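Taking it in order: structure first as structure tokens, then the write-up.
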Amino acid sequence: MRMGSPVIIASERGEVGLVEAMRALRAGGSAMDAVEIALRAAEANEADHYVGVGGIPNLLGEVELDASIMDGSTLAAGAVGAVTGFPHPITIARAVCEQLPQHAMLVGRGAERFADECAIPRGTTLTEEAVRLWKEGLTPEALDEAERTQGAGETAYRRSVLARIQAMEPPHRHPWGTINVIALDGAGRLCTGVSTSGYPWKYPGRVGDSAVIGAGNYCDGRYGGAACTGRGELAIRAGTARTVVDGLADGLSPEEACVTALERTMSLADPFRAQVRTLCLTADGQHAGAATVTGATYGLMTGDHTEPEFLPRAVISNHFFIGVETGSQP
Ligand code: ASP
């Protein structure tokens, strides 16, 4: 078994769990352990409104969570979609992967039933702050802002939400923000994990790319692991994470693979001018990320880091959304 130096990377705001996850890797823990530890910390972070506890709810005001995990050594995967009442969907996804190997994805009530069987704790996921942001995103000012920054499709959808629920207040400018974590352990095993509360105001039952293997998450220990944040429907349509890993298999550098997959993804017609970002870590510890905007970063820890280092993502060219915003989402 190869004993090398562990590496872990995370998308924006995923750094909250990296120190603890790296501690586990240094102690000989597996890449799966590290990914779960890092994502549980992100899911527990109430200040993050795009994942776990504190996630902005769906159009009915209910928090529905998606997550997935993929083991690059075996290409085994587990995913859950539209889970309510459990703060840590990544733990349920891992349980699907390890304890229900006949299946790769469970959604809704089935996933919740399975989590109960596995004695995974239930807990509150909706916070007052998330409710406030949910309301703020539906005010006239927020709709105007969404039209300007995210396109007519976004505004039309939010208006339809308003029509469905009738009565709300005010804007959240960047409604995307999943967490990706990719780890390479000391034994050379790779694992990729993703967790999200998905698109705020989403239609109940909507499952995004974070739970779809090949779309928002893909890991093949021979080449690398990749994951996405941003508009999940685009990543589903383009098979974005799998495209990144295919690029690595074809000999592209991590940055080229992230950029190429993102360019293909963003070439799809879409009335929602939302961002997408890609991230990858190779089997030999190289990493990169790409984004549709300037200023986007990802967090890194190797065996030598005592705290996360933030690295810039490559920016794809010729994209209509470039430069419109440089905020922390997704
Ligand atoms: N990719 C996620 C989804 O579509 C959202 C996000 O990254 O914020 O559910």
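The values are calculated or read from the model by the stated rules, or taken from the named source; none is laboratory data. Because the structure is predicted, anything quoted here is derived from the model rather than measured. Heads up, the Cβs are rebuilt from the backbone with ideal geometry, glycines too, and the neighbour counts pull from every protein chain shown. Protein only, heavy atoms only, side chains kept; ligands, DNA and RNA dropped before computing areas. Shrake-Rupley method; radii C 1.70, N 1.55, O 1.52, S 1.80 Å.
Roll a 1.4 angstrom probe over the protein heavy atoms and tell me the percent of accessible area of the chain that is carbon or sulfur. The nonpolar share, carbon plus sulfur, comes to 51 percent.
Could you report segment 174-290's accessible area per residue, 1.4 Å probe, as an integer in Å²?
Values: 3200 Å² over 117 residues.
So segment 174-290 comes to 27 Å² accessible per residue, rounded to a whole number.
Each residue of segment 304-311 was assigned a 3J(HN,Hα) from its phi angle through the Karplus expression (A = 6.51, B = -1.76, C = 1.60, θ = phi - 60°), giving 8, 8, 9, 8, x, 9, 9, 10 Hz with x at Gly and Pro.
How many percent of Cα pairs in segment 35-137 exceed 23 Å? Please list the in-between numbers first.
Numbers: 1278 of 5253 pairs.
When every Cα pair of segment 35-137 is considered, 24 percent fall beyond 23 Å.
Across segment 126-139, coupling constants 3J(HN,Hα) worked out from phi with the 6.51/-1.76/1.60 Karplus curve, θ = phi - 60°, read 8, 10, 4, 4, 5, 5, 4, 5, 4, 5, 4, x, 10, 6 Hz, and Gly and Pro carry x. Dimensions of segment 185-227 based on its C-alpha atoms, expressed as ranges along the principal axes with the largest first, amount to 41, 17, 11 Å.
With R₀ set to 41 Å, the beta-carbon distance separating T139 from S5 gives a calculated FRET efficiency near 0.25.
Whole-Hz Karplus values for segment 112-119 come out as 5, 4, 5, 4, 4, 4, 7, 6 Hz, taken residue by residue from phi with 6.51 cos²θ - 1.76 cosθ + 1.60 and θ = phi - 60°; glycine and proline positions read x.
For the chain, what does -39500 (n - 2.57) per DSSP helix run (n ≥ 4), summed and divided by total residues, give at 222 nm, in deg cm²/dmol to the nearest 500?
Values: 10 runs with 108 residues, N = 330.
Mean residue ellipticity at 222 nm (helix-derived): -10000 deg cm²/dmol.
Starting with the highest mean, order 69-79, 29-39, 178-188 by the number of other Cβ atoms within 10 Å, averaged over the residues of each peptide. Please list the in-between numbers first.
On the way: 69-79: 22.8, 29-39: 26.6, 178-188: 28.2.
The packing order, highest mean first, is 178-188, 29-39, 69-79.
What segment 1-109 shows is 35 Å² of accessible area per residue, with the surface traced by a 1.4 Å probe over protein heavy atoms.
About the Cα centre of the chain, how large is the charge dipole given +1 on each Lys and Arg Cβ and -1 on each Asp and Glu Cβ? Please answer in debye to the nearest 20. Please report the intermediate quantities before stating the final value.
Working: 27 positive and 40 negative charges, 109 e Å.
Rounded to the nearest 20 debye, it is 520 debye.
Give me the one-decimal Kirkwood hydrodynamic radius in Å for the chain, with the sum taken over alpha-carbon pairs. Display every interim value, and only then the final one.
Numbers: mean 1/r = 0.0523 Å⁻¹.
Result for the chain, one decimal place: 19.1 Å.
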